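Okay, so here's the structure we're looking at.
What follows draws every value from the coordinates through simple rules; no lab data is involved. As the structure is a prediction and not an experimental result, all values here were calculated from the model. So basically every Cβ, Gly included, is an ideal-geometry build from the backbone, and we count neighbours across all protein chains shown.
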Amino acid sequence: MITSCFSITGGKFDEAGSASRRLKEQLKQIGVDGQIMRRIMIAAYEAEMNVVIHAVKGNLWVRFDDRRFNMEVVDQGPGITDLNLAMKPGFSTASAEAKQLGFGAGMGLPNIKKASDQFEVDSQVGKGTRVRSTIYLETQSVEQPTGQGLFVQAELCVGCLDCLKACPARALRVWNQRPLILSALCIECTACIEVCRRGVFEIPDTEINQSEESVSEVHTLVIPRAFLTQFGSKIPPRVVLAALRNLGFKDIRFTEEWERELRRVVRRYAAEQKQHPVISPICPAVISLIESEFPSLIPQVAPFMTPIQAAVEAWILCSATFVAACPSQYTLLERADLSGRLRIVNPAQLSARILPLLKARTETAPTVQKQSVQPSRSGKNGQAVLEAWGVNNVVEILEKTEKGLAGDFQVLELGCCETGCYGTPVFEENPYLAQKRWSASGLERLRPVKAVPIKSPYKARTGMRLDADMSKAIEKLARIEELTAGLPGRDCGACGAPSCASLAEDIVLERYPGLECLVS
Amino acid sequence: MKLEELIQAIDAQVLQPGSERGTEIARVFAGDKISALLERAGPGTMLVTSLANTQLACVAELMDCPVLCLVDGTEPEPKLLEAAARCETAVVVCVLDMFETCGRLHRRLYGDNFRRS
C-alpha cells in the first residue's frame, strides 16, 4: 500500500498540474499503464485544476495497491452551494482568467465521475470541498470483504478451539493449529479476541507512511474515552489526556460525542415510526451481524451512520488520527480512509507512545465517588429503550425481534462488547472499573456534534456463495446436506470447523485438504 | 500517418521538435476547452487548439500526447515551449484558422471520405 500527499496552491496556473505529473511518475513505477492510467490522470488533473481554479489551497491524497487506486482531493475554498448543479455538464463558476486559459467548461466534476469506478463529492460552503475517486486496477467484485480489521498471529495458536465456539458467525476454522477467518462470514465482533488466551487475534498495526507535508496537519485525535481509563488507579483520565496533548495533539475528541448524538436522534426518529423496535446503529459489529444473519431486520435499523463513521464525516476537509477500539471500527475507518488522509492507530500503539510520559506524571488518583453509572433504560417521555451488551445477548435479542417478540421496546441500543466500547477486549481494564473511573474523572463534557444520515442504505450481505453458477451451487448444497446428515451432529469442533454442517461445507468447497470427521 | 506529412499539409512551422519527427499520428482532436482536450488526448493524437498556455503541455504530458498544433498563427507563451521541451512534446504553429486546419488534416488523414476520428 502506497500513500502520498501532494499539495496544490490555488490560483497558480503556471504550477498547476505538477501534483498529477508527480503522481503519474509514481504510477508508472508500479506498472500502471494504458486505459487505467488515462482514467487516473483525467480524474487527478481535473480535481487538481478545480483546486487551482476555485480554492485557496488543497491537498491531493492518494493511496493505492495492486488492486485499487484511491484519491481524495481536499481543498480550503468557497465550497459548492449546489452540488447537483455543479455536477451538471456545462455549469461553471470559474473566473474569467481561468476561462481565458481554456478552463471553466463545466466538465471537471462530470469528467472525474466518468473516469472513476466510485465517485463522491462533499462540500461545506465557506470551508471547502472534498472529491473522492476510486479506480480499480484490476477487475473485482463490488462486494467489500470484511475481516480486514482482524490480524491473526497464527503461530501463537495452540489449537484449543475456544474461538470456534465463540464466533457467532461461524467464520472461524482451525486447521493444523492454524486459525483462519472466512472473511465473507466474519462480522468483526470481538468474540475471538475476547476468548483467545494466547492473543492470536488483534487489530492490525497500521503503518504510518505519510509524506512529511501531511504530518504537520494531523493534529486532532479521536478516541473512545475508555482509552483514558486504561492505565490503572494511579493514573486518572485527565493525566492521560494531558499526556496525549504532550504528544502534539492540539485537540482531542471522543467517539462518545457522536454516540450521544446518535442516541438522541434515533430516539426522536423512533418516536415517528410505526414499526418498533427501531435498532440504533450504535455498534458497527451489530450492524454487520444484522446484514449477515438478520437481513429481515435491516428496515428496522435507523438510517444513520454509526458513531465512528459520523466522526469521520466531521473531518471530510482535514486530517485526523483515529483510535480503532475494535476490528469493525478499524474496517470502517479503513474504508472511509480511501486516500490515507486519516491515520488509524490501534490502542496498543498509542499506549506505547504515551507510557513514558505517564510514568513521569503518576499521582494520587481521586477516590471514586459513589454515583450511578447505570445507563438509562428509558428515553424522553417514558420511551422504552433497551440497552443490551455482549454478542450472545445481542444475537438472542435479534432472534426475538425477528420473531416479533420485542415490540414492547421502541429503541434497541445493542453493542457486541460488554458496556459498549469500555468492554472491547482490546482494552485490558475491566469494563465496569473503566466506566466508573471515567464517570469519577469529572471530564464528562462532550461537545455538540451532528448525527449523519447514511448515504446508501444498509443492505444484506450475500455471505459465502457456494458457487458463482447457481445450478452448481444447488448441486453443492445438496451434497452438503447429504454429508451433514451422515455426520454425528455433535458439533464438537475437533475437525477444526465449528459445526458438522460447517465441516460438510468445507469438504464440498474443498477449503482445506484432507478434512474429515475425527469422531465418526 | 507520419507527423511530418501532416505538418506539410497545413504548412505549419515547428517551434519545438518532439521526441521523433517520424511520430505516427492516428487521430486529430480540435478544441479550446482543456477538459475536452484532456479527455480526447492520447498516444498518437494531435491536439489542435487556439489556446497557447503552459497547461497544454501538461495535458500532453499526462496523456502521452505527442504533438500540439496551434492555429491562427498563435504565438505560444515561452513557458509552453519550455514545458513541451521538458516532456518531449512537439509544438507546431500554422497561420490557418481552425476550420481550414482541421479540413486539411482530415483530408490528409482520411481522404475525401467522411470518417469520425
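Do any trypsin sites (Lys or Arg not before Pro) in the stretch A:258-298 lie in a DSSP loop with no more than 16 other beta carbon atoms within 10 Å, and if so, which? Listed in order of number, the matching sites are A:274.
Dipole magnitude for the protein assembly as shown: computed about the Cα centre from +1 point charges on Lys and Arg Cβ and -1 point charges on Asp and Glu Cβ, it is near 1760 debye.
Ordered by the count of other Cβ atoms within 10 Å of each Cβ, fewest first, B:65, A:189, A:157, A:5 give A:157, A:5, B:65, A:189. The residues B:98, A:49, when put in order of fewest to most other Cβ atoms within 10 Å, stand as B:98, A:49. Sorted ascending by nearby beta carbons within 10 Å, beginning with the fewest, A:91, B:99 become B:99, A:91. Each label was represented as a point 7 Å from its Cα along the Cα-to-Cβ direction; for residue A:97 and residue A:388 these points are 6.3 nm apart. The mean count of C-beta atoms from other chains within 10 Å of the C-beta of residues in B:48-58, rounded to a whole number, is 4. Legend: mean number of C-beta atoms from other chains within 10 angstrom of residue C-beta atoms, peptide A:34-45, equals 3. Between the amide H of residue A:493 and any residue lying 5 or more places away or on another chain, no distance stays under 5 Å, with hydrogens modeled in the peptide plane. Axis of helix A:470-486 versus longest Cα principal axis of chain A: the two differ by about 20°, to the nearest ten degrees. The GluC sites (Glu not before Pro) of the stretch A:465-520 meeting both criteria, a DSSP state outside H, G, I, E and B (loop) and at most 16 other C-beta atoms within 10 angstrom of the site's C-beta, are A:510, A:516. Taking Cα centre as origin and charging only the Cβ of basic (Lys, Arg, +1) and acidic (Asp, Glu, -1) residues, the dipole magnitude of the stretch A:450-520 rounds to 680 debye. Close amide H partners of residue B:16, meaning residues 5 or more places away or on another chain with modelled amide H under 5 Å apart, are B:91. Among the GluC sites (Glu not before Pro) in the stretch A:15-116, those placed in a DSSP loop whose Cβ has at most 13 other Cβ atoms within 10 Å are A:15.
With the simple spin-label model, which puts each label point 7 Å out from Cα in the Cβ direction, the residue A:178 to residue A:396 separation comes to 3.8 nm. Mind running the shape call on the protein assembly as shown? Use the C-alpha gyration tensor, a ≥ b ≥ c as the square roots of the eigenvalues: rounded below 1.5 for a/c, prolate if a/b tops b/c, oblate otherwise. Prolate, because a/c is 1.5 or more and a/b exceeds b/c.
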